[in-house]
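The block underneath contains the structure these notes are about, expressed in structure tokens.
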Amino acid sequence: MTDMPLSAPGAAIGRSGRVALAIRGLRHQGGPILAVVAVLLALWYLACIPMNAQQSVLLAERAGAVVTPATAAERRDMGGLALTFANPGPATSSAFAQDRPRLPAPHQVAVELWNTTIGQSITSKRSLVWHAGVTLAPTLLGFLIGSVLGTLLAIGIVHSRVMDLSVMPWAIASQTIPILAIAPMIIVVLNSIGIQGLLPKAIISAYLSFFPVTVGMVKGLRAPAPSDLDLMRTWNASGLRTLVSLRLPASLPYLFASLKVAVAASLVGAIVGELPTGATAGLGARLLAGSYYGQTVQIWSALFGAAIVAAGLVAVIALTQRAVLSRMGLTR
Amino acid sequence: MTTISAQSLDLTFHTGDGPVQALSDITLDVAEGEFVSFIGPSGCGKTTFLRCVAALETPTGGTLTVKGMTPDEARKARAYGYVFQAAGLYPWRTIGKNITLPLEIMGYSKSERQERMRRVLKLVELEKFANKYPWQLSGGMQQRASIARALSFDAEILLMDEPFGALDEIVRDRLNEELLALWKRTNKTTLFVTHSIPEAVYLSTKIVVMSPRPGRIADVIDSPLPRDRPLDIRDTPEFLAVAHRVREGLREGMEAA
């Protein structure tokens, strides 16, 4: 095998060959992806100019430039776009470098992200990584509770007509209530019976994440064909056996799709759960503090922090999905 | 000895469009070791009858016994193996594990499961494919694996619902030959649903011709063909005479409906 020439059939197939193929695939898609990102960044920079025009023009006036209209009172009623066209020079001069811009420029957010992650010790309260960690704990706990609860509900719904008719409408209704309205109530009620800290936030996460799992798993547990179920019946298999050997394996592709939605919903739940408590730690607290003090750069970097965490969580599930399904022979 | 006995069996489905009589006055005895084919157009109740024997449907009238028991008792006693039109192999299990699944459910020991799996795979000539996944096999091989699974727990009755219906003619001929050999070796009482006249005549010791609306028996033909049947028996006058009688039965059934 070792002296097999590289040109032999199948010579490069294997783990390294597959990695090479993946990289080649990425290179093919790399161009278009970069182009889309570049367009988005350009639009973002462009939007910064009118959004920050009031402040830019004011700063230019203070520095001695001649601007129109001359007084701040007159300018206040003007739109950002009109002001930009009236003062193209002053409006663009400091659009991307203000301390408290209405819309921070991408590089400002990037610098803030860098300073609050790489530039800080992880244990520091100024570290976004530390804040993300504070939010991650209830996210994961809530995701776990929500997924287990969602799966159990789906199993009940599939096996009991009564549950099918009675639970599903409530599950749907639960998701029509704005989480912002119900989160403070959950916190207050749990606090009154002495439960504080991680669990209330996790329960809000679970409240958001059980639903996609229930919906997906009901569909997944019902995925086996009637003849597959008949086959189990001809073997006189018990309901539990049918669940374990047929319904659950058949539902796995559905489960992973649901889990991806659920984990993102969990993160939103944990962030929202931090808002009503006036928490001082967590991504939600960073958002809240940023909006109190007009620190838009901090808000945006917290938002990006949350997005990066969500992307990471979804990626972990996607990798697990690939590993599990290929182990089960469900991917070719 | 009579293995399956139906006396004036009736089955009416209640659908949104009103009642549909799927089976009407079916009286039939199947002796031990017989190979009985059910042939007829769609809606003649041949599959429904098979499902009644398997206790997957419940007749609304008449009596039906399987090995002297009610169909449901027979099902719980694992008296039959059922082969569906779709192979019905679970895609997340290898061929070997698909075959050991019913054995696992029935509580066979691990060594016994392995031993039986090897034996039935050898019977259908798939012994090299135990560790392959179903998608790695052709349609004909999947169906053979499905038959092996139905044979694995030594049920005395084999119920087959158009097992080769989705396969091409060439594969079908080979599987028919193999099935016949298998039947001769195991001597299992076999009920076989089909759309194909040559298939029914070639395989069966008894052919039940059915007609639709309501589903009923139009003719029962005891085949005069010998048990040893090479494929070219299909060109003999005896074979053609039986095929002719089946065709007549089907035509009369359609005209009466």
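General observations
- Of all residues making up region B:1-22, the number that are out of contact with any Ser or Thr (no Cβ under 6 Å at 6 or more places or on another chain), surrounded by 18 or more Cβ atoms within 10 Å (Cβ to Cβ) and over 29 Å from B:PRO226 (Cα atoms): 1
- Pairs are defined by a Cβ separation below 7 Å, a sequence spacing of at least 6 or placement on different chains, a first member in region B:119-140 that is acidic (Asp, Glu), and a second member that is part of a helix (DSSP H, G or I) and open to solvent by less than 60 Å² (accessible area, probe 1.4 Å); the pairs so defined are B:GLU127/B:LEU121.
- Scanning region B:99-113 for any residue that is surrounded by 20 or more Cβ atoms within 10 Å (Cβ to Cβ), of a type in the set (S, T, N, Q) and touching a Lys or Arg at 6+ places or on another chain (Cβ under 6 Å) turns up at least one such residue.
- Region B:43-72: number of residues that are touching a strand residue (DSSP E or B) at 6+ places or on another chain (Cβ under 8 Å), under 20 Å from B:MET1 (Cβ atoms) and open to solvent by 40 Å² or more (accessible area, probe 1.4 Å): 4
- Figure legend. Inter-residue proximity from region B:88-100: first residues more than 8 Å from chain A (Cβ to nearest Cβ), second residues surrounded by fewer than 22 Cβ atoms within 10 Å (Cβ to Cβ) and small (Gly, Ala, Ser), beta-carbon distance below 6 Å, spacing 6+ or different chains. Indicated pairs: B:ILE95/B:ALA130; B:GLY96/B:ALA130.
Residue-by-condition table, conditions (1) without any contact (Cβ under 8 Å) to a residue 24 or more places away in the chain; (2) within 14 Å of chain B (Cβ to nearest Cβ):
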| position | (1), (2) |
| --- | --- |
| A:GLN175 | no, no |
| A:ALA181 | yes, no |
| A:GLY194 | yes, no |
| A:LEU199 | no, no |
| A:GLY216 | no, no |
| A:ASP230 | yes, yes |
| A:ASN236 | yes, yes |
| A:ALA250 | no, yes |
| A:LEU259 | no, no |
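- Residue match in region A:287-296 (condition: within 13 Å of chain B (Cβ to nearest Cβ), without any contact (Cβ under 8 Å) to a residue 24 or more places away in the chain, of a type in the set (Phe, Trp, Tyr) and more than 21 Å from A:THR214 (Cβ to Cβ)): no
- Residue satisfying all of: in region B:104-130; of a type in the set (S, T, N, Q) and assigned to a helix (DSSP H, G or I); nearest to B:ALA155 (Cα to Cα) among these: B:GLN114
- Scanning region B:116-158 for residues that are among the basic types (Lys, Arg) and open to solvent by 10 Å² or more (accessible area, probe 1.4 Å) yields B:ARG116, B:ARG118, B:ARG119, B:LYS122, B:LYS128, B:LYS132, B:ARG144.
- With respect to the conditions (1) small (Gly, Ala, Ser); (2) closer than 21 Å to B:ALA155 by Cα; (3) buried (at least 22 other Cβ atoms within 10 Å of the Cβ), B:ALA77 lacks only one, and its number is (3).
- If you go through region A:237-275 and keep only what is hydroxyl-bearing (Ser, Thr, Tyr) and within 12 Å of B:TYR90 (Cβ to Cβ), you end up with A:THR242, A:SER245.
- Near pairs, Cβ below 9 angstrom, 6+ apart or cross-chain, from region A:26-53 (not assigned by TED's automatic domain parsing to the domain that holds A:ARG75) to any residue that is exposed (fewer than 10 other Cβ atoms within 10 Å of the Cβ) and at pLDDT below 90: none
- Region A:144-161, subset within 28 Å of the chain's Cα centre (by Cα) and β-branched (Val, Ile, Thr), residue nearest to A:TYR254 (Cα to Cα): A:THR151
- Residue in region A:93-106 that is at pLDDT 85 or above, open to solvent by 70 Å² or more (accessible area, probe 1.4 Å) and part of a helix (DSSP H, G or I) present: no
- Hits in region A:139-158 - residues which are in contact with a Ser or Thr (Cβ under 6 Å, 6 or more places away or on another chain) and not small (Gly, Ala, Ser): A:THR139, A:PHE143, A:LEU153
- Counted residues, region B:135-180 - those being part of a strand (DSSP E or B) and among the polar types (S, T, N, Q): 0
- Leading residue by the ranking (surrounded by the fewest Cβ atoms within 10 Å (Cβ to Cβ)) among those in region A:204-240 that are of a type in the set (Val, Ile, Thr) and either modelled with pLDDT of 95 or more or touching a helix residue (DSSP H, G or I) at 6+ places or on another chain (Cβ under 6 Å) (or both): A:VAL218
- Selection count, region B:113-170, where residues are among the polar types (S, T, N, Q) and more than 23 Å from A:ARG327 (Cβ to Cβ): 4
The values are calculated or read from the model by the stated rules, or taken from the named source; none is laboratory data. Keep in mind it's a predicted model, so treat the numbers as computed, not measured. Every residue, glycine among them, receives a Cβ derived from its backbone with ideal geometry; neighbour counts consider all protein chains shown. Just the protein is used for accessible areas: all its heavy atoms, side chains included, with ligands, DNA and RNA removed. Shrake-Rupley method; radii C 1.70, N 1.55, O 1.52, S 1.80 Å.
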